[in-house]
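To start, the structure under review is shown below, and the notes come after it.
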Amino acid sequence: MNEDGTLIRLDGIHKWFGDLHVLRGIDLAIVPQEVVVLIGPSGSGKSTLLRTINMLEEPTEGGVWFDGIELTHIRTDLNKARARMGMVFQSFNLFPHLKAIENLTLALIKVLGLSREEAIGLAREQLAHVGLSDKADSYPSQLSGGQQQRVAIARALAMQPTLMLFDEATSALDPELVGEVLRVMQELAEEGMTMVVVTHEMGFAREVGNRLLFMDQGVIMEEGLPADVFANPQHERTKEFLSQVL
């Protein structure tokens, strides 16, 4: 943990892409076991902020700390730090030529240095965790979108991360498959996993999030308990956004 008891701290984060000022002075602290949900219109900076936490996007200005380590320091071993952060993207990013279980064991063997037997044991455990014990030998093309995303979540969990980041993990799925992925995410939250979630699923945000952040134009315009923000948004822009999505 950082000295102040937080797991993640972002101080004064700015991000430019050319002339585009995507993040404008973001300060954020997240404590262990917290589930922080980011909502807001497309282009508001949510995904960029999420990707800054594990330095997939390097901030133009500002500092990022994870578990007491300054990720923005030039000497920090980012790969070592990232190995403790699971990330689940909109696209499943599974290797199509590998079976589900092989998608999980690859990084366990290559990155964590586990033996093949240890890796298979851990992979089977995590496939069971997401309700896919019977799909270990299936290729991604033999799985539904929801199942593929659950394999992607199991792959991230197999690395035994301290933190899970979800970047619109359900937005590429058919509506009837969204629920199965959200259920797995809800179970993780109940188990005490620290999570940062970018989502359009307002029911999930309301029920599972401990804290809701509304972003627009690169700033956090409003934050609070999800029930409070939904019931009584303080900012005009938040009201306008929620009136369109609820």
Task: Qualifying positions in segment 51-108 - among the β-branched types (Val, Ile, Thr) and under 21 Å from residue 15 (Cα atoms) - done: 52, 53, 60, 64, 69, 72, 74, 76
Task: Condition broken by residue 63, with the remaining ones in (1) in contact (Cβ under 8 Å) with a residue 24 or more places away in the chain; (2) among the small types (Gly, Ala, Ser); (3) in a loop (DSSP other than H, G, I, E, B) satisfied - done: (3)
- [ ] Output the number of the condition that residue 159 fails; it satisfies all remaining conditions of (1) closer than 17 Å to residue 94 by Cα; (2) open to solvent by 50 Å² or more (accessible area, probe 1.4 Å).
- [x] (2)
Task: Filtered residues of segment 1-20 (kept if open to solvent by 70 Å² or more (accessible area, probe 1.4 Å) and aliphatic (A, V, I, L, M)) - done: 1, 20
Open item on the list: Out of 81, 123, I need the residue that is more than 22 Å from residue 33 (Cβ to Cβ), of a type in the set (A, V, I, L, M, F, W, C), more than 13 Å from the chain's Cα centre (by Cα) and not in a loop (DSSP other than H, G, I, E, B). Which one?
Closed with: 123
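Among 86, 45, which is the only one that is surrounded by 16 or more Cβ atoms within 10 Å (Cβ to Cβ) and closer than 20 Å to residue 213 by Cα?
Criteria check complete, one pass: 45.
Here is a yes/no grid of residues against (1) of a type in the set (D, E, K, R); (2) in a helix (DSSP H, G or I); (3) farther than 20 Å from residue 24 by Cα:
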residue	(1), (2), (3)
49	no, yes, no
73	no, no, yes
127	no, yes, yes
137	yes, no, yes
TODO: May I ask you to verify whether residue 93 is without any contact (Cβ under 8 Å) to a residue 60 or more places away in the chain and under 15 Å from the mean Cα position of the chain (by Cα)?
DONE: yes
Task: Tally, over segment 21-47, of residues that are at pLDDT below 95 and part of a strand (DSSP E or B) - done: 0
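Quick test for you: out of 242, 225, pick the one residue that is closer than 28 Å to residue 11 by Cα, surrounded by fewer than 15 Cβ atoms within 10 Å (Cβ to Cβ), without any contact (Cβ under 8 Å) to a residue 60 or more places away in the chain and not aromatic (Phe, Trp, Tyr). Spell out the reasoning first.
Values: 242 fails: surrounded by fewer than 15 Cβ atoms within 10 Å (Cβ to Cβ).
Result: 225 is the single residue among 242, 225 that is closer than 28 Å to residue 11 by Cα, surrounded by fewer than 15 Cβ atoms within 10 Å (Cβ to Cβ), without any contact (Cβ under 8 Å) to a residue 60 or more places away in the chain and not aromatic (Phe, Trp, Tyr).
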Task: Elements of type strands (runs of 3 or more DSSP E) contained in segment 140-246, each with 1 or more residues being closer than 25 Å to residue 106 by Cα - done: 163-167, 194-198
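Any chance you could count how many residues in segment 174-188 are open to solvent by 20 Å² or more (accessible area, probe 1.4 Å) and of a type outside the set (Lys, Arg)?
We begin by selecting, within segment 174-188, every residue open to solvent by 20 Å² or more (accessible area, probe 1.4 Å); these are 174-177, 179-180, 182-183, 186-187.
Now restrict to residues that are of a type outside the set (Lys, Arg): 174-177, 179-180, 182, 186-187.
So the answer is 9.
The values are calculated or read from the model by the stated rules, or taken from the named source; none is laboratory data. Values in this document were obtained by computation on a predicted structure and should not be read as measured data. In this analysis, Cβ positions are derived from the backbone assuming ideal geometry, glycine residues included, and neighbour counts consider all displayed protein chains. Protein only, heavy atoms only, side chains kept; ligands, DNA and RNA dropped before computing areas. Shrake-Rupley method; radii C 1.70, N 1.55, O 1.52, S 1.80 Å.
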